[in-house]
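Encoded as structure tokens, the structure appears first; notes follow it.
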Amino acid sequence: MGKPTGFLEYNRETMPEISPLERIKDFEEFHTPLPESERRKQGARCMNCGVPFCQSGMMLNGMATGCPLHNLIPEFNDEVYHGNTWHALSRLLKTNNFPEFTGRVCPALCEVACLCGVNDTPVTIKENELAIIEEGYEKGYMRPHPPELRTGKKVAVIGSGPAGLACADMLNKRGHHVTVYEKNDRIGGLLMYGIPNMKLDKSVVERRVSLMKAEGVRFITNTNIGKDVLSSTLMQQFDAVVLCCGAEQPRDIQAPGRDDAKGICFAVDFLTQNTRSYLNSGFKDGEFISAKDKNVIIVGGGDTGNDCLGTVIRHGCASAVQLELMPKSPDERNADNPWPEYPKICKTDYGQQEAIAVFGKDPRVYSTTVNKVITDNQGNITAVETVKMAFDENRRLVPVKGSEETLPCELLIIAAGFTGCRKYIADAFKTELTARNTVKTESGKYATSAPGVFTAGDMHRGQSLVVWAIHEGRECAKEVDKFLEGYSNM
């Protein structure tokens, strides 16, 4: 604890951000770093608690609180205060393979559990983490470190999202020969195409992939295992296979007119096409779903729905409405939701901030869903009928009669979550699935029912956060290593 009175002397200061009306003019990241002097003060606010809940990573009442990676947070905060970037980086990288990702897109479960936040505001743990890794790159500390010895064992990792990359990184550092297969044209999975550029600049992903290549990881793109390459072929070439293909099966809506209407898309398809077109040509190729001058309705109030909202606003949509099935959360904690539980409060994210700035009101409509899709003679969507939802005496959500409302809509984006992995890849490797359509393993384990085949990430635990995917990739790598070597020293 570098400054015992730091939490009393300094206020929480976050990175400045470009105003909503300015930042929607492009797809660039919109936060600017704090000066080093101010960042050191933010490190000084850490109380170095005797029991640091911030790094606990536990479940309370079914919700995660504290860092799932168990990052050594008080230790790196102390080094931030003292200006010891190299030491801070060494502590951070012990538990987190990719702080440059989590420092941008993680919802900061660590800050939720920060003791400083009980009576004041939490330490800027997430931003401190990002500052450490970015300064590490700037100062040349992030250099390739290929393993000195190779085991001769070969592992195929299918999927290059955060779980696949973390698993590959760990196994490569252990000395195994790792090949990562990706069905898309760029490495990164969710990080590349599921998160828009203004939230995670794709040069950040490419920078890390280049480092992993220099350390010996082999990447193969445009290859869909189970379709382009037979699973049997892969099993013959590799000593182990790890399935990290995500939870890519989108949840659809059930509404009359939905099946035949044009102008409806799933959120990940929308985001993928936009990011690919942006990277390929700056949108000049026109190979993306445009919201320009359209009335847009987004079904889903989560992070993905918010990312779609920020994207359509940058397109220049005529209007944007975000439908949330559940009621609005309270603005402040209720008594039955005490610290350090995850706070069940209403969060206004960057996309909603931008919508408020552009249209003058919050785009979210709560306790509402699509009741009917309305089209013209050519089958193009022109409007949707919505209906309010309420809980009945059995705590089931049911439509409220007489609450129907018609909203104009030329683009309907479905961001209602996911229902598990795509079945073809599980079938290709003959792995069992759970009732939730995730690959089945023993509790707390990563080996599937197929010998030599492992799984991690959303494909294993279901739709979740980037930080949980990294955790899964790391833990899976330990199990694969033990399978290959008979023990693991990870």
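Can you tell me how many residues within the range 350-385 are of a type outside the set (Lys, Arg) and either open to solvent by less than 30 Å² (accessible area, probe 1.4 Å) or modelled with pLDDT under 95 (or both)?
Final tally of qualifying residues: 14.
Matching residues to (1) under 30 Å from Gly140 (Cα atoms); (2) of a type in the set (D, E, K, R); (3) open to solvent by 10 Å² or more (accessible area, probe 1.4 Å); (4) at pLDDT below 95:
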position: Gly152; (1), (2), (3), (4): no, no, yes, no
position: Val157; (1), (2), (3), (4): yes, no, no, no
position: Ile187; (1), (2), (3), (4): yes, no, yes, no
position: Lys202; (1), (2), (3), (4): yes, yes, no, no
position: Leu211; (1), (2), (3), (4): yes, no, yes, no
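Pick from Glu38, Glu17: which is under 19 Å from Asp78 (Cα atoms) and charged (D, E, K, R)?
When all the criteria are applied, what remains is Glu38.
Do we have Arg218 as more than 20 Å from Gln273 (Cβ to Cβ), among the basic types (Lys, Arg) and open to solvent by 30 Å² or more (accessible area, probe 1.4 Å) here?
Spelling it out, Arg218 is indeed more than 20 Å from Gln273 (Cβ to Cβ), among the basic types (Lys, Arg) and open to solvent by 30 Å² or more (accessible area, probe 1.4 Å).
Could you check the range 301-320 and list, in sequence order, the residues that are touching a helix residue (DSSP H, G or I) at 6+ places or on another chain (Cβ under 9 Å) and either of a type in the set (A, V, I, L, M) or open to solvent by less than 10 Å² (accessible area, probe 1.4 Å) (or both)?
Selection gives Gly305, Asn306, Asp307, Cys308, Leu309, Gly310, Thr311, Val312, Ile313, Ala320.
Could you check the range 386-426 and list, in sequence order, the residues that are at pLDDT 95 or above, acidic (Asp, Glu) and surrounded by fewer than 17 Cβ atoms within 10 Å (Cβ to Cβ)?
If the condition is that a residue be at pLDDT 95 or above, acidic (Asp, Glu) and surrounded by fewer than 17 Cβ atoms within 10 Å (Cβ to Cβ), then Glu404, Glu405 are the ones that fit.
With the condition kept exactly as written, say whether any residue in the range 240-248 is open to solvent by 30 Å² or more (accessible area, probe 1.4 Å), more than 30 Å from Ile374 (Cβ to Cβ) and of a type outside the set (A, V, I, L, M, F, W, C).
No, because not a single residue in the range 240-248 is open to solvent by 30 Å² or more (accessible area, probe 1.4 Å), more than 30 Å from Ile374 (Cβ to Cβ) and of a type outside the set (A, V, I, L, M, F, W, C).
Could you tell me how many of the residues in the range 437-463 are modelled with pLDDT of 95 or more, open to solvent by 10 Å² or more (accessible area, probe 1.4 Å) and under 20 Å from the mean Cα position of the chain (by Cα)?
Selection size over the range 437-463: 4.
Does Lys173 meet the test of being of a type in the set (Lys, Arg), at pLDDT 95 or above and buried (at least 21 other Cβ atoms within 10 Å of the Cβ)?
Judged against the criteria, Lys173 is not a match.
Residues are listed down the side, and each one gets a yes or a no for (1) aliphatic (A, V, I, L, M); (2) touching a residue at least 12 places away in the same chain (Cβ under 8 Å):
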| site | (1), (2) |
| --- | --- |
| Arg395 | no, no |
| Glu410 | no, yes |
| Ile425 | yes, yes |
| Leu433 | yes, yes |
| Asn437 | no, yes |
| Tyr446 | no, yes |
| Gly462 | no, yes |
| Val466 | yes, yes |
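Restricting to the range 351-384, name every residue that is assigned to a strand (DSSP E or B) and over 17 Å from Lys294 (Cα atoms).
Once the filter is applied, which keeps residues that are assigned to a strand (DSSP E or B) and over 17 Å from Lys294 (Cα atoms), the range 351-384 yields Arg364, Val365, Thr368, Thr369, Val370, Asn371, Lys372.
Considering the range 380-435 alone, what residues qualify as being hydroxyl-bearing (Ser, Thr, Tyr) and under 30 Å from Ala320 (Cβ atoms)?
Correct list: Thr382, Thr386, Ser403, Thr406, Thr419.
In the range 66-92, how many are within 16 Å of His471 (Cα to Cα) and either open to solvent by 60 Å² or more (accessible area, probe 1.4 Å) or at pLDDT below 95 (or both)?
The number of residues fulfilling the criteria is 1.
Of the conditions (1) of a type in the set (Val, Ile, Thr); (2) modelled with pLDDT of 95 or more; (3) open to solvent by 20 Å² or more (accessible area, probe 1.4 Å), Val229 fails just one. Which one is it?
All conditions pass for Val229, except number (2).
Would you check which residues across the range 57-79 are under 17 Å from Met142 (Cα atoms) and of a type in the set (A, V, I, L, M) and list them?
Selection gives nothing.
The rows are residues; the columns are (1) in contact (Cβ under 8 Å) with a residue 12 or more places away in the chain; (2) in contact with a Gly (Cβ under 9 Å, 6 or more places away or on another chain); (3) closer than 21 Å to Gln463 by Cβ.
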position: Ile132; (1), (2), (3): yes, yes, no
position: Glu135; (1), (2), (3): yes, no, no
position: Pro146; (1), (2), (3): yes, yes, no
position: Ile158; (1), (2), (3): yes, yes, yes
position: His176; (1), (2), (3): yes, yes, no
position: Gly188; (1), (2), (3): yes, yes, yes
position: Lys213; (1), (2), (3): no, no, no
position: Thr221; (1), (2), (3): yes, no, no
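Can you tell me which of Thr95, Thr85 is among the polar types (S, T, N, Q) and without any contact (Cβ under 8 Å) to a residue 40 or more places away in the chain?
Going through Thr95, Thr85 in turn, just one is among the polar types (S, T, N, Q) and without any contact (Cβ under 8 Å) to a residue 40 or more places away in the chain: Thr95.
Quick check on the range 253-272: of everything there that is open to solvent by less than 60 Å² (accessible area, probe 1.4 Å) and within 23 Å of the chain's Cα centre (by Cα), which residue is farthest from Glu287 (Cα to Cα)?
Here the answer is Ile253.
Select from the range 26-51 the residues that are surrounded by 13 or more Cβ atoms within 10 Å (Cβ to Cβ), part of a loop (DSSP other than H, G, I, E, B) and free of Cβ contacts under 8 Å to residues at least 60 places away in the same chain and list them in ascending order.
Asn48
Could you please let me know if Lys294 is open to solvent by 40 Å² or more (accessible area, probe 1.4 Å) and farther than 24 Å from Ala247 by Cβ?
yes
Considering only residues that are charged (D, E, K, R), outside any loop (DSSP other than H, G, I, E, B) and exposed (fewer than 14 other Cβ atoms within 10 Å of the Cβ), which ones fall in the range 9-25?
Glu9, Glu22
The values are calculated or read from the model by the stated rules, or taken from the named source; none is laboratory data. Not measured: the values here are computed from a predicted model. As a convention, Cβ positions derive from the backbone with ideal geometry for all residues, glycine included, and neighbour counts pool all protein chains shown. Calculation scope for accessible area: heavy atoms of the full protein, side chains included, ligands and nucleic acids excluded. Shrake-Rupley method; radii C 1.70, N 1.55, O 1.52, S 1.80 Å.
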